[in-house]
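Enquirer: Handing you this structure, nothing more for now.
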Amino acid sequence: MKILVTGGAGYIGSHVVNTLGENGHDIIVFDNLSTGHDWAVLYGKLEVGNLEDGSHLNDVINAFRPDAVMHFAASIQVEESVREPLKYYRNNVANTLNLLDAMDHNGIRNFIYSSSAAVYGIPDKLLVDEAVPLHPINPYGASKAMVETVLGDIARASDLRYIALRYFNVAGADPKTRIGQAYLDATHLITRALKTAQGDFTKLSIFGTDYPTPDGTCIRDYIHVVDLANAHLLALDYLMETKKSDIMNCGYGHGFSVREVVAAAKKVTGINFTVEEAPRRAGDPPQLVADSTKLRSMTGWQPLYDDLEFIIRTAWEWELKLKQRRRQP
Ligand code: UDP
């Protein structure tokens with residue numbers, strides 16, 4: 001199939017592009033390289049462009065005529081979204097509308113959307129299924145929920161079909177260490193812990209130790225990025241086969257606390273980096289764990305890497321490689 005991938009030079013997008021390429025798909029990546037990298041695009045053609053530029057987008061879609069669009073390009077940091085909400089509504093909502101416009105204009109009907117567990121806010125259930133009401137508690141989550149509403153409305157009014165995949169905490173890297181997370185200002189827990197182990201930071205802060213969880217720190221469902229990439233491929237197959245829109249959670253169904261992740265990171269790296277207890281970070285719900293029954297039963301998805309130490313090990317090998325690469329002139 002021909003697939004246009006926005007944000008395909010970024011962390012999750014580049015792993016999905018790799019999986020699509022390995023499965024013989026024809027790909028164009030549309031990315032402004034604001035946080036992505038050209039070297040991360042292992043398959044297909046890279047078109048450097050901004051989603052704000054509707055006419056560029058239109059030209060690319062018109063020339064390529066993709067069977068489906070996968071949309072990863074977005075701003076993704078919860079804390080930043082609280083400080084700079086406008087950036088999040090512009091990049092995540094307004095730019096997605098541009099993309100949907102360009103698709104509509106060219107009669108492109110199939111859409112895979114990167115949504116997030118942040119749409120749930122503070123869920124009233126321990127295991128979150130897709131029927132749990134959406135009450136986002138930060139602008140990032142709100143921006144993802146808004147686009148889900150938009151997609152539902154467009155799908156009811158036209159023949160657009162979509163799968164929205166609600167990602168829980170994506171981590172790890174390509175087990176062959178070719179690609180991985182490479183943001184300059186990484187804020188996610190596992191990356192931050194590993195960069196602290198490497199000496200890039202003097203200490204790792206644990207944001208909040210008074211949450212209503214067994215050890216007082218937040219619990220998250222960490223999913224390996226390659227398992228998430230496989231979920232995209234299966235979701236696309238499902239969409240093309242059934243022509244039915246749907247929403248599916250992507251996670252393993254069990255979580256780890258911040259303290260457990262820190263302990264695993266120390267074990268994998270063999271480095272006893274400094275950790276401090278710090279106040280809560282704005283916008284963090286205490287616990288987010290996926291009920292991913294729907295993804296499994298509807299697409300046949302089965303995780304390959306449901307193992308926190310494996311996730312951290314692949315991320316660590318990638319961090320070591322990245323550091324080496326940045327040292328080279
Ligand atoms: N966290 C932390 N220290 C850090 C980064 C994150 O304690 O340096 C915590 C954060 O408060 C949250 C959990 O780790 O409870 C996961 O945060 P992350 O940013 O990785 O993902 P999010 O759940 O916000 O998408």
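Enquirer: I need a count of the residues in the stretch 202-246 that are within 16 Å of the ligand (Cβ to nearest atom), among the hydrophobic types (A, V, I, L, M, F, W, C) and over 15 Å from the mean Cα position of the chain (by Cα). Before the answer, list the steps.
Expert: Residues of the stretch 202-246 within 16 Å of the ligand (Cβ to nearest atom): 202-225, 228.
Among the residues that remain, those that are also among the hydrophobic types (A, V, I, L, M, F, W, C) are: 204, 206-207, 218-219, 223, 225, 228.
If we keep only those that are over 15 Å from the mean Cα position of the chain (by Cα) too, we end up with 204, 206-207, 218-219.
Of the residues in the stretch 202-246, 5 are within 16 Å of the ligand (Cβ to nearest atom), among the hydrophobic types (A, V, I, L, M, F, W, C) and over 15 Å from the mean Cα position of the chain (by Cα).
Enquirer: Which one of the conditions (1) in a helix (DSSP H, G or I); (2) of a type in the set (A, V, I, L, M, F, W, C); (3) away from the ligand (no atom under 13 Å from the Cβ) does Ile312 fail to meet, given that it meets all the rest?
Expert: Failing condition for Ile312: (3).
Enquirer: Next question. Can you confirm whether Gly283 is surrounded by 13 or more Cβ atoms within 10 Å (Cβ to Cβ), of a type in the set (Gly, Ala, Ser), within 20 Å of the chain's Cα centre (by Cα) and modelled with pLDDT under 95? Steps first, answer last, please.
Expert: On the way: surrounded by 13 or more Cβ atoms within 10 Å (Cβ to Cβ): yes; of a type in the set (Gly, Ala, Ser): yes; within 20 Å of the chain's Cα centre (by Cα): yes; modelled with pLDDT under 95: yes.
When the stated conditions are applied, Gly283 passes them.
Enquirer: Same structure again: Between a first residue in the stretch 117-140 that is among the polar types (S, T, N, Q) and a second residue that is within 12 Å of the ligand (Cβ to nearest atom), which pairs have beta carbons less than 8 Å apart while being 6 or more apart in sequence or on different chains?
Expert: The qualifying pairs are Asn138/Val78; Asn138/Ser81; Asn138/Val82; Asn138/Ala118; Asn138/Ala282; Asn138/Gly283.
Enquirer: Oh, and also: Ala186 is checked against (1) part of a loop (DSSP other than H, G, I, E, B); (2) surrounded by fewer than 17 Cβ atoms within 10 Å (Cβ to Cβ) and fails just one. What number does that condition carry?
Expert: With respect to (1) part of a loop (DSSP other than H, G, I, E, B); (2) surrounded by fewer than 17 Cβ atoms within 10 Å (Cβ to Cβ), Ala186 is out only on (2).
Enquirer: Considering each of Ala182, Ala171, Ala193 in turn, give the residue that is more than 8 Å from the ligand (Cβ to nearest atom) and among the hydrophobic types (A, V, I, L, M, F, W, C). Lay out the reasoning, then the answer.
Expert: Values: Ala171 fails: more than 8 Å from the ligand (Cβ to nearest atom); Ala193 fails: more than 8 Å from the ligand (Cβ to nearest atom).
One residue alone meets the criteria, Ala182.
Enquirer: So, in the stretch 96-145, of the ones that are acidic (Asp, Glu) and closer than 17 Å to Val5 by Cα, which residue ends up farthest from the ligand (Cβ to nearest atom)? Before the answer, list the steps.
Expert: Filtering the stretch 96-145 for residues acidic (Asp, Glu) gives 101, 104, 124, 129-130.
With the extra rule that they be closer than 17 Å to Val5 by Cα, the set shrinks to 101, 104.
Numbers: Asp101: 29, Asp104: 31 Å.
Filtering the stretch 96-145 for residues that are acidic (Asp, Glu) and closer than 17 Å to Val5 by Cα, the one farthest from the ligand (Cβ to nearest atom) comes out as Asp104.
Enquirer: Pairs only if they're at least six apart or on different chains, beta carbon under 7 angstrom, first in the stretch 178-196 and more than 21 Å from Phe168 (Cβ to Cβ) and among the small types (Gly, Ala, Ser), second modelled with pLDDT of 95 or more and within 11 Å of the ligand (Cβ to nearest atom); list them, first residue then second.
Expert: Going by the 7 Å Cβ cut-off, there are no qualifying pairs.
Enquirer: Whether any residue in the stretch 270-277 is surrounded by 14 or more Cβ atoms within 10 Å (Cβ to Cβ) and more than 12 Å from the ligand (Cβ to nearest atom) is what I want to check.
Expert: Among the residues of the stretch 270-277, at least one is surrounded by 14 or more Cβ atoms within 10 Å (Cβ to Cβ) and more than 12 Å from the ligand (Cβ to nearest atom), which makes the answer yes.
Enquirer: Being more than 18 Å from Thr35 (Cα to Cα) and of a type in the set (A, V, I, L, M, F, W, C) is the filter here, so list the residues in the stretch 149-188 that pass it.
Expert: Val150, Leu151, Ile154, Ala155, Ala157, Leu160, Ile163, Ala164, Leu165, Phe168, listed by residue number.
Enquirer: Could you tell me which of the residues Tyr167, Tyr211, Tyr222 is out of contact with any His (no Cβ under 9 Å at 6 or more places or on another chain), crowded, with 22+ Cβ neighbours inside 10 Å and under 18 Å from Gly283 (Cβ atoms)? Quick ask: steps written out before the conclusion?
Expert: On the way: Tyr211 fails: crowded, with 22+ Cβ neighbours inside 10 Å; Tyr222 fails: under 18 Å from Gly283 (Cβ atoms).
None of the other options fit; the residue is Tyr167.
Enquirer: Could you tell me how many of the residues in the stretch 112-145 are aliphatic (A, V, I, L, M) and under 17 Å from the mean Cα position of the chain (by Cα)?
Expert: 6
Enquirer: On to the next question. How many of the residues in the stretch 297-319 are surrounded by 15 or more Cβ atoms within 10 Å (Cβ to Cβ) and out of contact with any strand residue (DSSP E or B) (no Cβ under 9 Å at 6 or more places or on another chain)?
Expert: Qualifying residue count, the stretch 297-319: 5.
Enquirer: Among the residues of the stretch 247-263, is there at least one that is modelled with pLDDT under 95 and either under 26 Å from Pro212 (Cα atoms) or surrounded by 19 or more Cβ atoms within 10 Å (Cβ to Cβ) (or both)?
Expert: Step one: filter the stretch 247-263 for residues modelled with pLDDT under 95, giving none.
For the stretch 247-263, residues modelled with pLDDT under 95 and either under 26 Å from Pro212 (Cα atoms) or surrounded by 19 or more Cβ atoms within 10 Å (Cβ to Cβ) (or both): absent.
The values are calculated or read from the model by the stated rules, or taken from the named source; none is laboratory data. No experiment lies behind these values; they were computed from the predicted model shown. Glycine also receives a Cβ, built like all others from the backbone with ideal geometry; neighbour counts cover every protein chain displayed.
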